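The values are calculated or read from the model by the stated rules, or taken from the named source; none is laboratory data. Here the structure is a predicted model, which means the values were calculated and not measured. When we count neighbours, we look across all protein chains shown, and the Cβ atoms used for this are built from the backbone with ideal geometry, even at glycine.
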Amino acid sequence: MSTEEKDIKAGAEPPVDEQVEKVSGKYDADQITVLKGLEGVRRRPSMYIGGTGSQGLHHLFVEVVDNSIDESLAGYCSEIDVTLHNDNSVTVEDNGRGIPVDINKDTGLPGVTVAMTMLHAGGKFDQGGYKFSGGLHGIGVSAVNALSRWLEVEVARGGKVYIQKFERGEPVTGLEVVGKSKLTGTKVTWLADDEIFGSIEYHHDVIVQRLRDLAYLNPRVKLAFKDENTGEEQVFHYKDGLIAFVQALNKNKDPLHKPIYMSRRREDTEVEIAIQYNNGFQESIFSFANNIHTTEGGTHLSGFKTALTRVINAYARKTGALKDKDPNLSGDDVREGMAAVIAVKVLHPQFESQTKIRLTNADIEGLVNSIVGEGLAEFLEENPQVGKKIVDKALTAWRAREAARKAADAIKRANALENSALPGKLADCTERDPSKCEIYLVEGDSAGGSAKQGRDRRYQAILPLRGKILNVEKARMDKALDNEEIKSLITALGTGISKSVVGDAADADDEEGNGGTSGNGRDSKFDISKLRYDRVIIMTDADVDGDHIRTLLLTFFFRYMTPLIEQGHVYMAQPPLFRIRAGKDATWYCRTEQEREEIIKSLRNKNPTVQRFKGLGEMNPDQLHETTMDPTKRVIAQVTLEDAMEADEIFTVLMGDKVEPRKAFIEAHSVSMEDVDWHA
Ligand code: 0RA
């Protein structure tokens, strides 16, 4: 076949009979017919690799690595090395058995040649191989060959080293013996064809992510990555597999127990699961099917979730944590603070969509549900301490959601009854255009009084929050939602609340099976368009109590009004710590000790007097106005999502029952916050 005929630009795929033709090569093959499917691959690459963009390019890499992974699944390969070369070619080398080199009966060609030139040739040999093989499309390495400007395969097997070279899928040499080796393995190097892909640009992250996933999923294999462009080298090898995976997911969290692990197989389906709860609130589940990251979940994930909800409810009832009259825990409740990885191997996986991958095999849902159900129930029976922790965690989540729902409903009801059921303590502003308004959340009634007098009532509203109440409770968030102060706050802002849930594999299926929305807070909704003030300014004392309240408020905003922070509506006032006076009319306010020292130094002969404000309440209304509330003079700090996330993290420590971590936190924190004098 001439080069011209190979340069396919467009057009329909030739009919099947045309795809069969004689191959006459340099290598004794006159009598051989070979399916010329590779032409079809070049004509319609998208049918085989999903597209000719970046994703398709990376798919070639995935396909080749998956072949080596299959060899390791069969039990013969422990190491896979990937190298990205300067010329944009890629090498994948493994220490498996090596692709067979003996002559294949049907074709009269060496196994390697067949594997590289015939579509779906892999299956012809792999009786001894692994039955769950095949990547997302199962296209085989021949498709990679077809879409490569050149490809070189090297096999070490039976004491010899063989090489064969190809260009755009066509052999340009026979399979040649080039040396000897006691080792075995396969090494494939290819340069993707720029006629197909336009530009050849690999993304480090995509490659590394894939190798890392494969390393977690295949604990026996060590995967190494080398980028010759940057000199970077990384090795991925996780002997603990999925257990290491969930531990990594919980890396910056406080786990509640050792990871739960189970691996079971039934009817040609394998299910492997690791679960570890942490004391946080996010749900983070990664699901895989035949080593493919199913970013959109699917039947395996649904089966898992249904089983989890059912088993934890059954266990909670059996142990008396849930009484007969209590409603079931919802899926959201039992997954709060859960990190989990579920990996299934199924015989004939069906996937939906190229980019957002979802497993669709219908029978897998019930199978996983049943397998996980049994395994998890057994585990809880045998590990009651872990069982109790999980149930307690879910009950806390349930209470929080219940409280959120009640609070939101109460507010909705109040609003419905009386259009402006604003809290009595709120000193509202007169302006009605929210974009011009701001609200100060002020710690304490006395500071609240000063703020009311010191404000510009046209556009500044004041809501005093009694710090003691919030603080003494060492409140959990669900308690805080029950708190009158927080209810006032929600009403004053006007937005309502909703619980934010962050998860990886969001699965839209209703997997609960309990029908109701009871207790999941879904019926309440945060609505930013109802926000009554453009700026929400937290004004607390610069002491430990003030910090508690600020942490609680930020945590509350983070969890129940996330967009308020995301969209930059939340600020922190920066009241001064010192007032310096020299003579009658000369006054300075400063926020740090350093500032104070500098001013005093400059006033050496003027006998300055220094006043330290122990709290906002010590400032008179004029001072408060001038230093902290007057938009032309004040300093306010916009709260970022990171600030709020940090508050959320320390909330548990700060408000929790344990004294030691709280102390440690406050001490550690006092150093980093130079604005605040904690030792006052
Ligand atoms: C077919 C049969 C055998 C191994 C392989 C294919 C094989 C393919 C690839 C692709 C990349 N690395 C690979 N390693 C092995 C087993 C033949 C035997 O029985 O020894």
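Every residue, every condition in (1) among the small types (Gly, Ala, Ser); (2) surrounded by fewer than 21 Cβ atoms within 10 Å (Cβ to Cβ); (3) within 14 Å of the ligand (Cβ to nearest atom), yes or no:
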residue: Ile49; (1), (2), (3): no, no, no
residue: Gln55; (1), (2), (3): no, yes, no
residue: His85; (1), (2), (3): no, yes, no
residue: Thr91; (1), (2), (3): no, yes, yes
residue: Gly96; (1), (2), (3): yes, no, yes
residue: Ile99; (1), (2), (3): no, no, yes
residue: Asp102; (1), (2), (3): no, yes, yes
residue: Gly108; (1), (2), (3): yes, yes, no
residue: Gly111; (1), (2), (3): yes, no, yes
Quick one: Pro349 ticks every box in (1) within 30 Å of Pro45 (Cβ to Cβ); (2) in a strand (DSSP E or B) bar one, so which box is it? (2)
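If I ask for residues that are assigned to a loop (DSSP other than H, G, I, E, B) and modelled with pLDDT of 95 or more, which ones from segment 533-557 would you list? If you could, list the steps in order and put the result at the bottom.
At the first step, the residues of segment 533-557 found to be assigned to a loop (DSSP other than H, G, I, E, B) are 533-534, 540-543.
Within segment 533-557, Tyr533, Asp534 meet the criteria.
Given the residues Val41, Val114, which is the only one that is more than 38 Å from the chain's Cα centre (by Cα) and over 26 Å from Lys239 (Cα atoms)?
Values: Val41 fails: more than 38 Å from the chain's Cα centre (by Cα).
Exactly one of Val41, Val114 is more than 38 Å from the chain's Cα centre (by Cα) and over 26 Å from Lys239 (Cα atoms), namely Val114.
Scan segment 352-369 residue by residue and report those that are out of contact with any strand residue (DSSP E or B) (no Cβ under 6 Å at 6 or more places or on another chain) and surrounded by 15 or more Cβ atoms within 10 Å (Cβ to Cβ). So that I can check it myself, show each step before the final result.
The initial filter retains those residues of segment 352-369 that are out of contact with any strand residue (DSSP E or B) (no Cβ under 6 Å at 6 or more places or on another chain), namely 353-356, 361-366, 369.
Listed by number, the residues that qualify are Gln354, Asn361, Ile364, Glu365, Asn369.
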Considering residues that are at pLDDT 90 or above and under 42 Å from the mean Cα position of the chain (by Cα), the number found within segment 449-474 is 6
Scanning segment 45-89 for residues that are more than 16 Å from Val141 (Cβ to Cβ), touching a strand residue (DSSP E or B) at 6+ places or on another chain (Cβ under 8 Å) and either of a type in the set (Asp, Glu) or modelled with pLDDT under 95 (or both) gives Glu79, Asp81, Asp87
Return the residues of segment 323-358 that are at pLDDT 95 or above and of a type in the set (A, V, I, L, M); say none if nothing qualifies. Leu329, Val334, Met338, Ala339, Ala340, Val341, Ile342, Ala343, Val344
Restricting to segment 69-83, name every residue that is more than 12 Å from the ligand (Cβ to nearest atom) and in contact with a helix residue (DSSP H, G or I) (Cβ under 9 Å, 6 or more places away or on another chain). Ser78, Val82
Step by step: first the residues of segment 558-587, then only those that are aliphatic (A, V, I, L, M) and in contact (Cβ under 8 Å) with a residue 40 or more places away in the chain, then the one that is nearest to Ala408 (Cα to Cα). Which residue is that? Met561
Being under 19 Å from Leu249 (Cβ atoms) and either in a strand (DSSP E or B) or touching a strand residue (DSSP E or B) at 6+ places or on another chain (Cβ under 7 Å) (or both) is the filter here; which residues of segment 290-311 pass it? Ile292, His293, Thr294, Glu296, Gly297, His300, Leu301, Phe304
Any residue at all in segment 248-255 that's closer than 24 Å to Arg212 by Cα, basic (Lys, Arg) and without any contact (Cβ under 8 Å) to a residue 60 or more places away in the chain? yes
Of the numbered conditions (1) among the basic types (Lys, Arg); (2) without any contact (Cβ under 8 Å) to a residue 60 or more places away in the chain; (3) surrounded by 17 or more Cβ atoms within 10 Å (Cβ to Cβ), Arg591 fails exactly one; give the number of that condition. (2)
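Say whether the condition of being more than 16 Å from the ligand (Cβ to nearest atom) and either more than 33 Å from the chain's Cα centre (by Cα) or modelled with pLDDT under 95 (or both) is met by at least one residue in segment 126-136. Walk me through it before giving the result.
First pass over segment 126-136, keeping only residues more than 16 Å from the ligand (Cβ to nearest atom): 136.
Imposing the further condition that a residue be either more than 33 Å from the chain's Cα centre (by Cα) or modelled with pLDDT under 95 (or both) reduces the set to 136.
Yes, the conditions are met somewhere in segment 126-136.
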Inter-residue pairs, beta-carbon under 9 Å, first under 13 Å from Val155 (Cβ atoms) and in segment 64-76, second within 7 Å of the ligand (Cβ to nearest atom) and of a type in the set (D, E, K, R), 6+ apart: Asn67/Asp94; Ser68/Asp94; Glu71/Asp94; Glu71/Arg97
Out of Asn328, Asn383, sole residue that is surrounded by 15 or more Cβ atoms within 10 Å (Cβ to Cβ) and either of a type in the set (A, V, I, L, M, F, W, C) or out of contact with any Asp or Glu (no Cβ under 9 Å at 6 or more places or on another chain) (or both): Asn383
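Residues to consider are Arg401, Arg413; find the one that is basic (Lys, Arg) and at pLDDT 80 or above.
Numbers: Arg413 fails: at pLDDT 80 or above.
Answer to the check: Arg401.
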